[in-house]
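Below is one structure, written out as structure tokens, with a few remarks after it.
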Amino acid sequence: MKKIGVLTSGGDAPGMNSAIRAVVRSGIEMGMEVYGIKRGFAGLLSGEIIEMNRKSVSGIIQRGGTILYSARCIEFKEQAQQKIAVDKIKELGLDGLVTIGGDGTFQGARSLSVNWDIPTIGIPGTIDNDLAYTDFTLGFDTACNTAINCINNLRDTMNSHRRVSVVEVMGRNCGDIALYSGISSGAEVVIIPEVKIEMSEIVERLQASRRRGKSSNIIVLAEGAGNAMEYAKQIEEATGMTVRGQNLGHILRGGSPSMVDRMLGVQFGYRAVQLLNKGIGNRVIGTRNEQIVDLDIVEALAQKYEYKKDLYEASKVLCM
Ligand code: ADP
Ligand code: F6P
């Protein structure tokens, strides 16, 4: 392949810039022209496309967000809009595409690959970690580290006042950010959408921890499992403790990527271009058992996400 495009789509994630940089520099090294498509599928439709060079990706590996910007482009689900995008790709003479994003972005990539014969490679870029075929997605590690730092701060002030904090973290319908950040910050309770928890159990666990002498409590709540303010109110009523709700929201999506996310970005981007260079498309890149892997996009998307039951069970034992 001689000409390829790269785009970032859906929610941005720390590490996307590292992946863009790797795609651009590997592509140029392999003798390709690399085009950056701005604002995801929206920019593909409106033709916001620029040629990139080594310099255009210099000084970005440490930056959060995405230099190509991102967007949610609902109309891309329509065949007629996809046809416009395909015409644009052909008009530009792009031989292949790298799409960096989450599950939704991969649905778009699958359509381009399977329905329209555009060789497309997907790089998993989402803080949610909700793609079954890969152990980790780009941005998840940084988002968890950001959550941990916020929870550390909350722990200080909750301790001083003998309070309870309900901290809501993003993740859409997936509890991984809550589970990993909750366990690694020593939260007393982790609430995830995949497992129902009764209010009576939450109350019991808070009271047990106070009996053991703890002066504060942290409850990490995944956004898919409820609302921090509502939980805080209910827990305050049920326990008589002072409870504060806090939604970390988009704070988790920003910030300088961790080493883990920079390295994943580098390796995902490099592998994506290696595949396109061999004329291979219709695949997604991921990581399994600390190895970089690639697999068929249809097979990858057919895999059903399962929550980490063992980790959840461990959280109940270790967080007390
Ligand atoms: P993410 O990629 O982070 O999961 P979204 O779910 O918002 O984020 O999806 C990103 C974009 O992918 C959407 O705005 C849309 O352009 C495209 N997309 C999502 N679902 C589909 C689909 N079923 N078919 C084609 N494109 C889709
Ligand atoms: O998919 C990433 C994510 O941050 C989810 O965790 C969250 O549910 C959603 O995007 C928020 O979307 P928006 O930025 O459009 O409000």
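The table for this structure:
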{"read-out": "By average C-beta atoms within 10 angstrom, highest first, the peptides 55-62, 158-165, 207-214, 109-116", "value": "109-116, 158-165, 55-62, 207-214"}
{"read-out": "About the Cα centre, charge dipole magnitude for the range 141-253 (Lys/Arg +1, Asp/Glu -1 at Cβ), debye", "value": "420 debye"}
{"read-out": "Size of the range 261-306 as Cα extents on the principal axes (Å, biggest first)", "value": "30, 25, 13"}
{"read-out": "For the chain: accessible area per residue (Å², 1.4 Å)", "value": "43 Å²"}
{"read-out": "Separation of alpha-carbon centers, the range 228-299 and the range 77-154, rounded to whole Å", "value": "12 Å"}
{"read-out": "Where a label projected 7 Å from the Cα of residue 314 along Cα→Cβ would reach, residues of the range 125-154 with amide N under 13 Å", "value": "none"}
{"read-out": "The range 1-119 - Rg (one decimal) and Dmax (whole number), Cα, Å", "value": "13.2, 38"}
{"read-out": "Antiparallel bridges, percent of DSSP beta bridges restricted to the range 1-131 (to nearest 5)", "value": "20 percent"}
{"read-out": "Filter on 214/308; 196/304; 278/308; 38/90; 2/83; 3/77 - keep pairs with C-alpha separation over 29 Å", "value": "278/308"}
{"read-out": "Contour minus Cα-Cα distance for residue 114 and residue 83 (0.36 nm per residue)", "value": "9.8 nm"}
{"read-out": "GluC sites (Glu not before Pro) restricted to DSSP loop in the range 52-135 with at most 15 other C-beta within 10 Å", "value": "78"}
{"read-out": "Loop-located GluC sites (Glu not before Pro) in the range 210-308 whose Cβ has at most 11 other Cβ within 10 Å (DSSP)", "value": "290, 306"}
{"read-out": "Accessible area (Å², 1.4 Å probe, nearest 10) - residue 25", "value": "60 Å²"}
{"read-out": "Histogram of C-alpha separations across the chain, 10 Å bin width, %", "value": "6, 27, 29, 18, 12, 6, 1"}
{"read-out": "Semi-axis lengths, Å, the range 141-253, gyration tensor of Cα atoms, sqrt of 5 times eigenvalues", "value": "20, 16, 12"}
{"read-out": "Distance between modelled label sites at residue 160 and residue 307, nm, 7 Å Cα→Cβ extension", "value": "3.4 nm"}
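The values are calculated or read from the model by the stated rules, or taken from the named source; none is laboratory data. For clarity, every value in this text was computed on a predicted model and none was experimentally measured. Heads up, the Cβs are rebuilt from the backbone with ideal geometry, glycines too, and the neighbour counts pull from every protein chain shown. Note: areas computed on protein heavy atoms with side chains; ligands, DNA, RNA excluded. Shrake-Rupley method; radii C 1.70, N 1.55, O 1.52, S 1.80 Å.
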